[in-house]
Amino acid sequence: MVVEATVRVQAEDFSAQSEMDTLTAGRRDVGALVSFTGLCRDEAGTLAALELEHYPGMAEAELDRIASDALKRWPLTGLTVVHRYGKIRPGEQIVLVVAASAHRRAAFEAADFLMDFLKTRAPFWKKEHFVSGKAETWVAAKADDDADAERWIAS
Amino acid sequence: MNIRYFAWVRERVGVEEEAIELPSSVVTVADLIGHLKTIDDNHAFAFEDEETIRVALDQMHVEADAELGDAKEAAFFPPMTGG
């Protein structure tokens, strides 16, 4: 059976539980369900919000390409990716990946792979808005994220 | 060709999108960047550190040596920071 990934790019919030329920509803063959939720975090108490800009069309297309790669690489029974855009405050949800499989290893690895490539290849950019009202700044890309994605190419 | 800009590249150029007539000497993405830099100071500033800037042709990532071919849209943006 051909498994199709579900990819959504939206301003609205999402429910990890309902996305998980969708991947297991009416099935008896799913033995492992891995869910990753990325939240807007503020460790220093200075962040008012993150503003997420995206490239409409390409954001969905690139997430589809990464999800298709994951489906080729692991025997998944389902895969869902949701990424939000717009203004997101600390504590709110930004991104969700849910991977379902017969066994845990495939689900863990596929979710990890999805996040690594999503961070380095999906066209989204974060701008920080501060509580103090000081000038907004664009978040710089991290070399660690590139290194994380490279792991999958090397292995 | 339709050109789109995102994040700080967009802010530096000052527009989100523009349609540009390209001279026939513009064959690759690198040629296109060279051409855009000559438009005005804003474009020159946006592409000041052109090694940093990422490019997509018709919504697919490409490298600077890629040929434009019959692509309808080129997009320029900083390294991505989603997730």
*If we keep just the residues of the stretch A:120-155 that are outside any helix (DSSP H, G or I) and among the aliphatic types (A, V, I, L, M), which is farthest from the other protein chains (Cβ to nearest Cβ)?*
A:VAL131
*Among the residues of the stretch A:34-54, which ones are within 15 Å of the chain's Cα centre (by Cα) and more than 14 Å from chain B (Cβ to nearest Cβ)?*
A:VAL34, A:SER35
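Scan B:VAL15, B:VAL27, B:VAL9 and give me the residue that is buried (at least 16 other Cβ atoms within 10 Å of the Cβ) and among the β-branched types (Val, Ile, Thr).
None of the others qualify; the one that does is B:VAL9.
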*Out of all the residues in the stretch A:116-155, which are touching a Phe, Trp or Tyr at 6+ places or on another chain (Cβ under 6 Å) and either more than 22 Å from B:THR52 (Cβ to Cβ) or surrounded by fewer than 21 Cβ atoms within 10 Å (Cβ to Cβ) (or both)?*
A:LYS127, A:TRP138, A:ALA149, A:TRP152
*asked:* I need the full set of residues from the stretch B:56-75 which are more than 11 Å from every other protein chain (Cβ to nearest Cβ) and hydrophobic (A, V, I, L, M, F, W, C), in order please.
replied: B:VAL62, B:ALA64, B:ALA66, B:LEU68, B:ALA71, B:ALA74
*In this structure, is B:PHE45 within 12 Å of chain A (Cβ to nearest Cβ) and either farther than 23 Å from A:GLU62 by Cβ or hydrophobic (A, V, I, L, M, F, W, C) (or both)?*
no
*Starting from the stretch A:55-70, keep only residues that are at the interface with chain B (Cβ under 10 Å from one of its Cβ atoms), then list their pairs with residues that are in a helix (DSSP H, G or I) and modelled with pLDDT of 95 or more whose Cβ atoms are within a distance under 7 Å, requiring at least 6 positions of separation or different chains.*
A:GLU62/A:ARG121; A:LEU63/A:LEU118
*Test A:ASP64 against the criterion of being acidic (Asp, Glu) and more than 30 Å from B:LYS72 (Cβ to Cβ), and give yes or no.*
no
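The values are calculated or read from the model by the stated rules, or taken from the named source; none is laboratory data. None of these values were measured; they are calculated from a predicted model. Cβ coordinates were reconstructed from backbone atoms using ideal geometry, including for glycine residues, and neighbour counts include every protein chain displayed.
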